Amino acid sequence: MIKFENVSFNYENGPDILKNINFTLAPGSYHFLSGPSGSGKTSLMSLLYLGHRPTSGRITMLSQDTKHMTREDFFSLRQKIGVVFQNYRLLNHLTAFDNVALPLRIQNKPEREIKSNVSELLDWVGLGDAQNSLPPTLSGGQQQRIAIARAVITRPKLLLADEPTGNLDSEMGYRLMRLFEQLNKMGTTTVIATHNQDIMERYKHSKLLLDNGSIYSNSKKDLLIKTIRDVY
Amino acid sequence: MSSIKRKNFKLGLDLFIKIIDIRFENMRSGYDLPLEKSPDTKFLLILVTLMVFLAVLSLSGSLALHDMSERWSSGLENKVTIEIPIETKDGHLLSQDTVKRETERLQIKLENHPFVKSAEILEDKDMGKLLDPWIGQDLLFSEVPLPGLIALEIKENAPTTLDDFRIDLAEMSSYANLEDHQEWLSELIRFAGILQSLSLIISVIIIGTTITAIIAAVRARMAIHKKEIELLHLIGAPDIYIAKQFRRHMSIIAFKGAILGTFLGLVSVFILMIFSQLIDSPLIPSLEISFISFLMILAFPLFFPAITSVTAYQTVLRSLKDML
Ligand SMILES: Nc1ncnc2c1ncn2[C@@H]1O[C@H](COP(=O)(O)OP(=O)(O)OP(=O)(O)O)[C@@H](O)[C@H]1O
Ligand SMILES: [Mg+2]
């Protein structure tokens with residue numbers, strides 16, 4: 001379970017990006033996160049993958065209170081979280097294959113397993129021929145697919161995807177959405193930040209809206225206007 | 001040095017590094033950080049090579065001194081020299097004949113003494129060899145009055161002590177002086193000890209310099225790759241995962257440098273040894289290194305990567321804690 005209680009957040013001496021927000025994400029749930037540009041979607045994601053600490057409030061991740069976590073706890077928790085960063089954050093000196101293999105190597109998986117799993121996934125996202133290419137030589141859409149493959153290769157407990165279909169044509173976009181659906185059916189809690197109305201219409205999942213530092217939900221039929229307090 | 005020679009040397013060096021590289025080629029997969037591309041890698045390699053080279057020289061010198069003073073003290077342990085001086089204690093000059101007769105008379109007495117294993121008169125020509133560097137062959141013997149000298153070897157389980165023997169000797173001859181080399185020897189050994197401490201200090205400086213350079217290089221690489229390290233952290237890499245990559249990278253550089261430095265150092269030591277043996281003078285002791293000392297020098301290529309490995313690992317762990 002993931003739980004935010006009275007969480008506020010701002011970058012160093014900047015204005016509050018998130019103001020006293022509360023919500024809970026049930027295990028295995030699926031959410032779209034939307035909101036105007038600059039509303040704090042990426043910032044909220046970074047709190048979820050523990051890239052930043054909240055300025056105030058309490059965050060519970062996968063049933064662990066993050067306040068009392070050690071350095072080592074952070075790393076083992078992050079191994080259970082797959083992140084598609086908005087700007088991909090691929091390692092430019094590593095091939096597509098090695099980028100996707102990275103989380104598995106960090107988790108000490110045997111090289112033989114890595115070889116077959118990574119190749120299969122890269123084939124699936126249409127990058128079978130680009131396995132040995134370096135990211136800078138690939139298109140934005142191809143890089144995005146590498147980033148997605150890297151996020152899902154470990155079958156994480158929590159998947160955070162920040163605009164994962166932004167650079168993809170709709171066919172490939174829907175193909176990857178199916179990948180997220182499948183992963184979610186296997187139990188992965190999923191949060192996808194997107195502006196894409198078509199996608200949000202097509203898949204009937206809960207919608208979270210960030211606006212002006214507050215979070216709203218369409219659950220409880222209270223369409224996009226109510227601040228969530230223990231909705232689930 | 002001609003440019004062709006220099007080119008050849010550089011070619012040889014590059015080839016050597018290539019050969020070592022091939023050995024690591026198979027292990028290379030698995031670096032997540034572009035550490036090999038760091039601009040100062042070659043500089044670091046040269047630095048470690050130089051440090052190891054100096055360390056081999058300093059260690060060789062120290063070990064040679066150690067071996068030498070062992071040889072000195074064990075070689076002289078049971079040996080004393082008896083001198084019949086040309087001048088008596090109250091200042092009378094003795095004739096060469098008197099000196100010679102007294103020496104021969106004493107030698108016979110000494111041979112039968114229970115303390116003595118053997119007593120041998122040093123002939124003029126033996127002494128000539130010893131004195132040659134100071135006086136020169138031409139001037140010898142006729143003009144310069146020489147003392148009588150008897151080289152004694154003491155029985156290993158002698159029933160009496162050296163002090164008892166001194167009393168006996170005074171009875172046997174009123175002229176004789178006993179020289180047990182202790183003063184002379186202990187001074188030499190003390191001098192060798194000073195040189196050895198000096199080389200120890202040099203070794204400490206060398207190791208300190210190496211560690212400092214490794215720390216600086218690791219910190220520089222961490223600063224350059226801050227973004228990549230951050231990403232590794234974000235996808236769950238613990239500190240030790242990152243530290244291990246730096247450790248491996250730095251250890252390989254240190255290993256290459258250590259092999260190169262040891263090789264160059266040993267070549268220099270062997271050249272010095274050959275030279276020291278060519279100069280046939282009793283004043284310049286020949287440089288010799290025992291087999292065990294030689295093994296110690298060969299252990300160097302392992303020692304430097306080892307301190308590098310520990311240093312790099314600890315530096316990364318410490319810096320990562322500061323980073324986040
Ligand atoms: N590293 C940072 N340091 C300071 N301010 C930041 C930083 N990152 C984002 N911000 C600010 O925080 C606010 C929220 O940014 P954020 O990236 O979370 O928005 P977003 O909803 O993801 O926008 P978009 O839809 O354009 O991706 C913005 O006003 C931005 O200027
Ligand atoms: Mg964003």
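The values are calculated or read from the model by the stated rules, or taken from the named source; none is laboratory data. Model, not experiment: these values are computed from the prediction. Note that each Cβ is placed from the backbone with ideal geometry, even for glycine, and that neighbours are counted across all protein chains shown. Surface areas here come from the heavy atoms of the whole protein model, side chains and all, with no ligands, DNA or RNA. Shrake-Rupley method; radii C 1.70, N 1.55, O 1.52, S 1.80 Å.
Working only within segment A:109-149, note down all residues that are within 13 Å of chain B (Cβ to nearest Cβ), open to solvent by less than 30 Å² (accessible area, probe 1.4 Å) and farther than 21 Å from A:SER170 by Cα.
Result: A:ILE114, A:PRO135.
Which members of segment A:11-30 meet the condition of being surrounded by fewer than 19 Cβ atoms within 10 Å (Cβ to Cβ) and within 16 Å of ligand 2 (Cβ to nearest atom)? Before you say what the answer is, go through the steps one by one.
Start the filter on segment A:11-30 by keeping residues that are surrounded by fewer than 19 Cβ atoms within 10 Å (Cβ to Cβ), which leaves A:11-16, A:19-20, A:22, A:24, A:26-29.
Within segment A:11-30, A:TYR11, A:GLY14 meet the criteria.
Taking segment A:89-108 as the region of interest, how many residues are more than 10 Å from chain B (Cβ to nearest Cβ) and either of a type in the set (S, T, N, Q) or on the phi > 0 side of the Ramachandran plot (or both)?
Summing the residues that are more than 10 Å from chain B (Cβ to nearest Cβ) and either of a type in the set (S, T, N, Q) or on the phi > 0 side of the Ramachandran plot (or both) in segment A:89-108 gives 1.
Do we have B:ILE207 as within 14 Å of another protein chain (Cβ to nearest Cβ), open to solvent by 40 Å² or more (accessible area, probe 1.4 Å) and either outside any helix (DSSP H, G or I) or in contact (Cβ under 8 Å) with a residue 12 or more places away in the chain (or both) here?
no
Considering only residues that are within 12 Å of chain B (Cβ to nearest Cβ) and closer than 13 Å to A:PHE9 by Cβ, look in segment A:34-74 and name the one that is most open to solvent (accessible area, probe 1.4 Å). Step through it out loud before you land on a result.
The first filter runs over segment A:34-74 and keeps only residues within 12 Å of chain B (Cβ to nearest Cβ), leaving A:45-46, A:48-53, A:70-74.
Among the residues that remain, those that are also closer than 13 Å to A:PHE9 by Cβ are: A:45-46, A:48, A:50-53.
Details: A:MET45: 5, A:SER46: 5, A:LEU48: 5, A:LEU50: 12, A:GLY51: 35, A:HIS52: 74, A:ARG53: 129 Å².
Result: A:ARG53.
Select, from A:VAL84, A:VAL7, the only residue that is within 16 Å of ligand 1 (Cβ to nearest atom) and farther than 30 Å from A:ASP198 by Cβ.
Selected residue: A:VAL7, the only one of A:VAL84, A:VAL7 that is within 16 Å of ligand 1 (Cβ to nearest atom) and farther than 30 Å from A:ASP198 by Cβ.
Just give me the residues in segment B:31-61 being polar (S, T, N, Q), away from chain A (no Cβ under 14 Å) and open to solvent by less than 20 Å² (accessible area, probe 1.4 Å), in sequence order.
B:THR49, B:SER58, B:SER60
Filter segment A:158-187 for residues that are over 11 Å from the mean Cα position of the chain (by Cα) and part of a loop (DSSP other than H, G, I, E, B); which is farthest from A:MET45 (Cα to Cα)?
A:ASP169
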